[in-house]
Amino acid sequence: MKKNILFTLLTFLSFSVYTQTTLFNSLLQTHVSQNGNVDYKSFKKDEAKLDKYLNYLATTSPKKSYSAAKIKAFWANAYNAYTIKLILENYPLKSITNIKKKGKDAWNIPFAKVGNKTYTLNHIEHEILRKNFNDPKIHVAVNCASISCPQLGNFAFTEANYEAKTEKLMKKFINDPKRNKLTENKLQLSKIFEWFKGDFIKQGSLIEFLNKYATTKISEKAKIHYLEYDWSLNGK
């Protein structure tokens, strides 16, 4: 009898995770274009559905038994969902950098509730994701709602799709001429590669990392410059 109850409970929890992730996925599919452009005005009309997903996150934590991909997918979705919520609460606005609360910027406001705890966006990105996983693709998984950010995917991450989706997003980011300008001997790169260089050189040089994804073969002697970061909102 106890085994049956446990099986039923685990089945329910698995279904709940699937259902809630599907809900967030549906919202992203509806309001985010293939190029990562977010229609915040239409998203605002679906804010109640987003709140339903956030209410689920507020009482849910990743289990120790989860795979690395499942944990990363969970926290990346949480980061992106709460970032969208923050934008919607302050919409219309020109940039996430305009958001301030009690002297704190958007990334340091403690408002993201997950598993009965409250986090800042910075804590999720730097203390949970970057600190615990040697995965530079985290930088394309989480989205800062700005033009120069790697584009927001119009899908939710899952255990099954995290690796493939972040590989695809990284390739799009590196080869996007609006975010990185690549030639064989000269690079104009996103500031992300300067700010978080250490994340990209753990298994080789920065150019070696770029060459894994770049459609242009880059010389190891290529000169590197960094582009100004455009914090304008990634929306219509």
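Note on region 180-201: residues that are over 21 Å from the mean Cα position of the chain (by Cα) and among the basic types (K, R) total 2. Checking each residue in region 30-50 for being touching a helix residue (DSSP H, G or I) at 6+ places or on another chain (Cβ under 8 Å) and more than 19 Å from K94 (Cα to Cα) picks out T30, D46, E47, K49, L50. Only one residue in K64, K44, K94, K49 is surrounded by fewer than 20 Cβ atoms within 10 Å (Cβ to Cβ), in contact with a Phe, Trp or Tyr (Cβ under 8 Å, 6 or more places away or on another chain), on the phi < 0 side of the Ramachandran plot and not β-branched (V, I, T), so which one is that? So the residue among K64, K44, K94, K49 that is surrounded by fewer than 20 Cβ atoms within 10 Å (Cβ to Cβ), in contact with a Phe, Trp or Tyr (Cβ under 8 Å, 6 or more places away or on another chain), on the phi < 0 side of the Ramachandran plot and not β-branched (V, I, T) is K44.
Residue pairs whose Cβ atoms lie under 8 Å apart, separated by 6 or more positions or on different chains, with the first residue in region 210-236 and open to solvent by 60 Å² or more (accessible area, probe 1.4 Å) and the second basic (K, R) and in a strand (DSSP E or B), are K223/K186; H225/K186. Residue count for region 60-114, restricted to those that are out of contact with any strand residue (DSSP E or B) (no Cβ under 6 Å at 6 or more places or on another chain), under 24 Å from A164 (Cβ atoms) and part of a helix (DSSP H, G or I): 15. Restricting attention to region 19-35, the residues being touching a strand residue (DSSP E or B) at 6+ places or on another chain (Cβ under 9 Å) and not hydrophobic (A, V, I, L, M, F, W, C) number 1. Report yes if K117 is more than 23 Å from Y162 (Cβ to Cβ) and either acidic (D, E) or exposed (fewer than 15 other Cβ atoms within 10 Å of the Cβ) (or both), otherwise no. So K117 fails the test.
Going by what's in this entry, would S42 be described as among the small types (G, A, S), touching an Asp or Glu at 6+ places or on another chain (Cβ under 9 Å), over 25 Å from E159 (Cβ atoms) and at pLDDT 95 or above? Taking the combined requirement at face value, the residue does not satisfy it. Condition first: free of Cβ contacts under 8 Å to residues at least 40 places away in the same chain and open to solvent by 30 Å² or more (accessible area, probe 1.4 Å). Can you find one or more residues in region 33-40 that meet it? No, region 33-40 has no match at all.
The values are calculated or read from the model by the stated rules, or taken from the named source; none is laboratory data. Here the structure is a predicted model, which means the values were calculated and not measured. Heads up, the Cβs are rebuilt from the backbone with ideal geometry, glycines too, and the neighbour counts pull from every protein chain shown. Heads up: the accessible areas ignore ligands, DNA and RNA and are worked out on the full protein's heavy atoms, side chains in. Shrake-Rupley method; radii C 1.70, N 1.55, O 1.52, S 1.80 Å.
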